[in-house]
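Q: Take this structure, written in structure tokens, and hold onto it; I'll ask about it next.
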Amino acid sequence: MSPRPTGRVRSTATGADLVITRSFRAPIEDVWQSVTASESTARWIGPWEGEAGPGKTVRLQMTFEQGAPWCDLSIDTCEPPRRLALSAKDEHGGWRFELSLAAKGEITELTFIQRLADPALAGDVGPGWEYYLDMLVASRLGEPLPSFADYYPAQRDYYLGDARTEA
């Protein structure tokens, strides 16, 4: 399988936004459940534990990463079923993410945004988020999960070049 990258990297005043969308033929509440309930996230990125809510921190286990590490995610904004903003810090720096859902008839569109201080990071994180969002799609459809090796390094150059757009 050779998945085609779909994201864009938009220049911003503070760096760049990595933007990737996926569409689901499902009600918005159902898709919200897939991205917020631990038993659902366990199928495509990993389970989380803790008390969820704005201003709180949960621990997410990245079960599909080498060593299945845990990371702390701060919930910056939670507006069910439309918007979830998270932030994290690790040995590589600070990370800010946002998931927005919009209902369009029978379709729910998910827009994922990662705020990047350095646009060059898109070459490494873009393929990873393509992989995880495709994992979400496959888990919802009951299909076999994709392999990360099909995404990275194959999509790296796309995110360093073709994916770039102006704000």
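Q: Given the residues 121, 110, 86, 99, which is the only one that is farther than 16 Å from residue 36 by Cα and of a type in the set (A, V, I, L, M)?
A: After ruling out the rest, the residue left standing is 121.
Q: While we're on this one: Name the pairs whose Cβ atoms lie under 9 Å apart, with the first residue in segment 55-77 and without any contact (Cβ under 8 Å) to a residue 40 or more places away in the chain, the second of a type in the set (Val, Ile, Thr) and open to solvent by 40 Å² or more (accessible area, probe 1.4 Å), and 6 or more positions between them or separate chains?
A: 72/57; 73/57; 74/57; 75/57
Q: Among the residues of segment 40-49, write down those that are assigned to a loop (DSSP other than H, G, I, E, B) and surrounded by fewer than 19 Cβ atoms within 10 Å (Cβ to Cβ).
A: If the condition is that a residue be assigned to a loop (DSSP other than H, G, I, E, B) and surrounded by fewer than 19 Cβ atoms within 10 Å (Cβ to Cβ), then 42, 43, 47 are the ones that fit.
Q: Now, a different point. Scan segment 1-29 for residues that are surrounded by 15 or more Cβ atoms within 10 Å (Cβ to Cβ) and either touching a His at 6+ places or on another chain (Cβ under 9 Å) or in a helix (DSSP H, G or I) (or both) and report the count.
A: Looking only at that region, the number is 1.
Q: Condition (residue is under 16 Å from the mean Cα position of the chain (by Cα), open to solvent by less than 70 Å² (accessible area, probe 1.4 Å) and more than 22 Å from residue 140 (Cβ to Cβ)) applied to segment 56-73: is it met by at least one residue?
A: The answer is yes, given that some residue of segment 56-73 is under 16 Å from the mean Cα position of the chain (by Cα), open to solvent by less than 70 Å² (accessible area, probe 1.4 Å) and more than 22 Å from residue 140 (Cβ to Cβ).
Q: Still on this model: Could we say that residue 154 is surrounded by 12 or more Cβ atoms within 10 Å (Cβ to Cβ), touching a residue at least 40 places away in the same chain (Cβ under 8 Å) and in contact with a strand residue (DSSP E or B) (Cβ under 6 Å, 6 or more places away or on another chain) here?
A: For residue 154, the condition - surrounded by 12 or more Cβ atoms within 10 Å (Cβ to Cβ), touching a residue at least 40 places away in the same chain (Cβ under 8 Å) and in contact with a strand residue (DSSP E or B) (Cβ under 6 Å, 6 or more places away or on another chain) - is not met.
Q: Here's a follow-up. Specify which of the listed residues (52, 37) is free of Cβ contacts under 8 Å to residues at least 60 places away in the same chain, small (Gly, Ala, Ser) and open to solvent by 40 Å² or more (accessible area, probe 1.4 Å).
A: 52
Q: If we scan segment 111-130, do we find a residue that is in contact with a strand residue (DSSP E or B) (Cβ under 9 Å, 6 or more places away or on another chain), part of a strand (DSSP E or B), open to solvent by 10 Å² or more (accessible area, probe 1.4 Å) and β-branched (Val, Ile, Thr)?
A: yes
Q: Can you name the residue in segment 80-93 that is outside any loop (DSSP other than H, G, I, E, B) and touching a strand residue (DSSP E or B) at 6+ places or on another chain (Cβ under 9 Å) and is also nearest to residue 27 (Cα to Cα) among such residues?
A: So the residue we want is 83.
Q: On to the next question. Among the residues of segment 131-145, write down those that are open to solvent by 20 Å² or more (accessible area, probe 1.4 Å) and at negative phi.
A: The answer is 134, 137, 139, 140, 141, 143, 144, 145.
The values are calculated or read from the model by the stated rules, or taken from the named source; none is laboratory data. Note that the structure is predicted; figures quoted are calculated from it, not measured. Glycine gets a Cβ as well: all are built from the backbone with ideal geometry, and neighbour counts include every protein chain shown. Side chains are part of the model used for accessible areas, which takes the heavy atoms of the whole protein and leaves out ligands, DNA and RNA. Shrake-Rupley method; radii C 1.70, N 1.55, O 1.52, S 1.80 Å.
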